[in-house]
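Structure first, then comments.
A short reminder: the numbers here are calculations on the coordinates, not readings from a lab. From a predicted model like this one, the values you see are computed outputs, not experimental measurements. Glycine also receives a Cβ, built like all others from the backbone with ideal geometry; neighbour counts cover every protein chain displayed.
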Amino acid sequence: MPFQTFHSIRDDASLVKIPAIGLELAVRLPHDASDGALTLMETVNAPGFGPPLHRHTETEVFRVMEGEYLYEVDGKRFRAAVGDVVSVPGGVAHTFTNLSASPSRQLVLMLPAMDAMKFFVGLGEIMAAGRPEQAVLNAYGAAWGVEFLGPPIKA
């Protein structure tokens, strides 16, 4: 399907919740709306939570909309607050954690696109009973080109 005009309103987005990593995620622009060029997500991270250290081929661009985060990108740690933009090249190990006392929110752009809804629904299913062993995560991630490298960082 060629790139098309797409209009997403707040009520359109299906919310994916993964309590094991304190994540609520809504896909605002799905992969197929851009002919695979990009995916846009809105994420909410619970205080003290973030994803495991990981890498994938897609470039990610994060814009902090609420709160403050501690990022680790390619072994370097730094803080990002409201209005900040963080770009993570494809193939680079990265993670982050919400430093705020309340939920924090980001817009996340993935280039090229991935079927984020399908990926995160599946990830939520394998994390339904808590964070599994790294080997289980990597078995799931392999089909997506995602390698899980370690636990989330702590503040």
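Working note: Karplus 6.51/-1.76/1.60 with θ = phi - 60° gives the stretch 94-103 the couplings 7, 6, 7, 9, 7, 8, 6, 7, 10, x Hz, where Gly and Pro are set to x. Distances between placed amide hydrogens fall under 5 Å for residue 66 paired with 105, all partners being 5 or more residues away or on another chain.
Listed by chain and number, the lysines whose C-alpha is less than 18 Å from the C-alpha of residue 118, apart from same-chain residues fewer than 8 away, are 17.
Neighbours of residue 36 by Cβ distance under 12 Å: Lys/Arg scored +1, Asp/Glu scored -1, total -4.
Computed from backbone phi, the HN-Hα couplings of the stretch 14-29 come to 7, 9, 9, 10, 10, x, 4, 10, x, 10, 10, 9, 10, 7, 8, 9 Hz, rounded to whole numbers (Karplus: 6.51 cos²θ - 1.76 cosθ + 1.60, θ = phi - 60°; Gly and Pro given as x). Here the stretch 41-112 yields Rg over Rh of 0.93, to two decimals, using C-alpha coordinates and the Kirkwood radius.
Close amide H partners of residue 57, meaning residues 5 or more places away or on another chain with modelled amide H under 5 Å apart, are 91.
Net charge in the neighbourhood of residue 19 (other residues with Cβ under 14 Å of its Cβ; Lys, Arg +1, Asp, Glu -1) is 0. The phi-based Karplus calculation (6.51 cos²θ - 1.76 cosθ + 1.60; θ = phi - 60°) puts the 3J(HN,Hα) values of the stretch 43-60 at 10, 10, 10, 5, x, x, 10, x, x, x, 4, 7, 8, 7, 6, 6, 6, 10 Hz, whole numbers, x for Gly and Pro.
For the chain, the mean residue ellipticity at 222 nm estimated from helices alone is -4000 deg cm²/dmol, where every DSSP H run of n ≥ 4 contributes -39500 (n - 2.57) and the total is divided by all residues, rounded to the nearest 500. Using a Cα-Cα cut-off of under 19 Å, which lysines could be cross-linked to residue 76, ignoring same-chain neighbours fewer than 8 residues away? Cross-link targets: 154.
Entry note, the chain: relative contact order of 29 percent, from Cα contacts under 8 Å with a spacing of 6+ residues.
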